[in-house]
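J.: My structure is below; once you've seen it, I'll send some questions.
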Amino acid sequence: MDQFTLAAAERLTTRPPENYGQISVRSLTPVIGAEVSGIDLSQKLSEEQLAEIRHAFLTHHVLVFRDQQLSPEDHKRFARYFGELRRAQRSEDDDRDPEVLDIRADQNSTFVDGNDWHTDGTADAEPSLGSMLYLTEPPAIGSGGDTMFANMHLAYEMLSPAMRGFLDGLTAIHDGLVPWQGYQPPADYVVPKSEHPVVVRHPDTGRKLLFVNPGFTTHIVQLSAEESRALLDLLFGLVPTKPFLSCRVRWEPNTLVFWDNRCTQHHAIWDYYPHARYGQRVSINGTRPTA
Ligand code: SIN
């Protein structure tokens, strides 16, 4: 690792110990992800419990809750503690709950949602604060279907000061057509497209992070096409080529994972075909990213 990476990693591994009284929190890695136990999400939560979950969320960015028995209403009630729920664009004759998205793959699937590094919905003017995926059916093969999550604060902090300074003034276009490459979006789909700063500050902590992702970002506004491609390739390559930036969550039945969409990327690994995997995702509205 180079000097910039070492310095960024050291800041994370030397942070003060955390104190929790209501829940137990065990880190998945020193830089991202934690398993939370001692809490039943099917019940209403106290202010003290919520304060500790919020603290763990802002510290670890991805929280894993095991052995939860949740109805869709329980799932949505837990998500509403953090904000209003996001409603999917659906046609008028679609009677599914617009606040709950099915995440399903089976032997008939030709593609799987999220099977590449991305941050959900960054083509929206106000991307989501976070998502909660409740998986009831991991692949019956007994393994596979893990999801990886990457810390985009650290991806930014490990860059050289010169590169960080250069990125700080740039903006990029995020286009909702990118995930549809090779496919035809529904005729009534209103394609979102937005310009966001390349480096934004987390709205709750003020900490900077790198806010471009291969799932939606097409180009950097202030650069030529050639320069933009070269720089985005470099930035997109940070997460896949530096494993220490990410954690890998292994799903068991009835696991809920709550991730902070404002400072992470994730990748749902499709390594279990032709087996099925099923869960439901609820997302929470966010705010416009700012530099
Ligand atoms: C997604 O939200 O991209 C899907 C995540 C997953 O299926 O693990």
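The values are calculated or read from the model by the stated rules, or taken from the named source; none is laboratory data. Computed from a predicted structure; not experimentally measured. Every residue, glycine among them, receives a Cβ derived from its backbone with ideal geometry; neighbour counts consider all protein chains shown.
J.: Are any of the residues in the range 204-211 within 16 Å of the ligand (Cβ to nearest atom), touching a residue at least 12 places away in the same chain (Cβ under 8 Å), in contact with a helix residue (DSSP H, G or I) (Cβ under 9 Å, 6 or more places away or on another chain) and hydrophobic (A, V, I, L, M, F, W, C)? Lay out the reasoning, then the answer.
T.: Of the residues in the range 204-211, the ones within 16 Å of the ligand (Cβ to nearest atom) are none.
Within the range 204-211, none of the residues are within 16 Å of the ligand (Cβ to nearest atom), touching a residue at least 12 places away in the same chain (Cβ under 8 Å), in contact with a helix residue (DSSP H, G or I) (Cβ under 9 Å, 6 or more places away or on another chain) and hydrophobic (A, V, I, L, M, F, W, C).
J.: Quick check, is Ser131 more than 16 Å from the ligand (Cβ to nearest atom), touching a strand residue (DSSP E or B) at 6+ places or on another chain (Cβ under 7 Å) and hydroxyl-bearing (Ser, Thr, Tyr)? First the steps, then the outcome.
T.: Numbers: more than 16 Å from the ligand (Cβ to nearest atom): no; touching a strand residue (DSSP E or B) at 6+ places or on another chain (Cβ under 7 Å): yes; hydroxyl-bearing (Ser, Thr, Tyr): yes.
Answer is no for this residue.
J.: So, in the range 241-280, of the ones that are farther than 30 Å from Ser42 by Cα and within 16 Å of the ligand (Cβ to nearest atom), which residue ends up surrounded by the most Cβ atoms within 10 Å (Cβ to Cβ)? Even if it seems obvious, please write down each step before you answer.
T.: If we filter the range 241-280 for residues that are farther than 30 Å from Ser42 by Cα, which is where we start, we get 241-245, 271, 273-274.
Narrowing the set further to residues that are within 16 Å of the ligand (Cβ to nearest atom) leaves 271, 273.
On the way: Asp271: 12, Tyr273: 14.
Looking at the filtered set, the residue picked out is Tyr273.
J.: Being more than 26 Å from Ala276 (Cβ to Cβ) and over 13 Å from the mean Cα position of the chain (by Cα) is the filter here, so list the residues in the range 241-261 that pass it.
T.: Passing the criteria: Thr241, Lys242, Pro243, Phe244, Leu245.
J.: Let me ask something else about it. Which of the following residues is more than 14 Å from the ligand (Cβ to nearest atom), among the aliphatic types (A, V, I, L, M) and surrounded by fewer than 20 Cβ atoms within 10 Å (Cβ to Cβ): Ala162, Ala172? I'd like the intermediate steps shown before the answer.
T.: Numbers: Ala172 fails: surrounded by fewer than 20 Cβ atoms within 10 Å (Cβ to Cβ).
From the options Ala162, Ala172, the qualifying one is Ala162.
J.: Here is a follow-up. So which residues in the range 78-132 are of a type in the set (Phe, Trp, Tyr) and more than 30 Å from Thr171 (Cα to Cα), if there are any at all? Walk me through how you get there before you give the answer.
T.: Let us first name the residues in the range 78-132 that are of a type in the set (Phe, Trp, Tyr), namely 78, 81-82, 111, 117.
Within the range 78-132, Phe78, Tyr81, Phe111 meet the criteria.
J.: Ok, one more. Hey, does the range 182-190 have a residue that's in contact (Cβ under 8 Å) with a residue 24 or more places away in the chain, surrounded by 12 or more Cβ atoms within 10 Å (Cβ to Cβ), more than 18 Å from Thr218 (Cα to Cα) and away from the ligand (no atom under 16 Å from the Cβ)?
T.: We begin by selecting, within the range 182-190, every residue in contact (Cβ under 8 Å) with a residue 24 or more places away in the chain; these are 183, 186, 188-190.
Next cut, surrounded by 12 or more Cβ atoms within 10 Å (Cβ to Cβ) only: 189.
Then keep just the ones that are more than 18 Å from Thr218 (Cα to Cα); that gives 189.
Next, from what is left, pick out any that are away from the ligand (no atom under 16 Å from the Cβ): 189.
Yes, the range 182-190 contains at least one residue that is in contact (Cβ under 8 Å) with a residue 24 or more places away in the chain, surrounded by 12 or more Cβ atoms within 10 Å (Cβ to Cβ), more than 18 Å from Thr218 (Cα to Cα) and away from the ligand (no atom under 16 Å from the Cβ).
Okay, residues lined up against (1) touching a helix residue (DSSP H, G or I) at 6+ places or on another chain (Cβ under 7 Å); (2) of a type in the set (Ser, Thr, Tyr); (3) at pLDDT below 95:
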| site | (1), (2), (3) |
| --- | --- |
| Thr13 | no, yes, yes |
| Glu18 | yes, no, yes |
| Ser24 | no, yes, no |
| Leu28 | no, no, no |
| Val31 | yes, no, yes |
| Ile39 | yes, no, no |
| Gln49 | no, no, no |
| Leu58 | no, no, no |
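J.: Could I ask something else about it? Among the residues of the range 146-157, is there at least one that is at positive phi and in contact (Cβ under 8 Å) with a residue 12 or more places away in the chain?
T.: We begin by selecting, within the range 146-157, every residue at positive phi; these are none.
Checking the range 146-157: not a single residue is at positive phi and in contact (Cβ under 8 Å) with a residue 12 or more places away in the chain.
J.: How do the pairs read when you match residues in the range 245-266 that are at positive phi with residues anywhere that are in a strand (DSSP E or B) and within 13 Å of the ligand (Cβ to nearest atom), using Cβ under 9 Å and keeping only pairs 6 or more apart or on different chains?
T.: Hits for this filter: Asn254/Tyr134; Asn254/Leu135; Asn254/Thr136.
J.: Given the structure, is Phe4 surrounded by 13 or more Cβ atoms within 10 Å (Cβ to Cβ), aromatic (Phe, Trp, Tyr), in a helix (DSSP H, G or I) and at pLDDT 95 or above?
T.: Values: surrounded by 13 or more Cβ atoms within 10 Å (Cβ to Cβ): yes; aromatic (Phe, Trp, Tyr): yes; in a helix (DSSP H, G or I): yes; at pLDDT 95 or above: no.
Taking the combined requirement at face value, the residue does not satisfy it.
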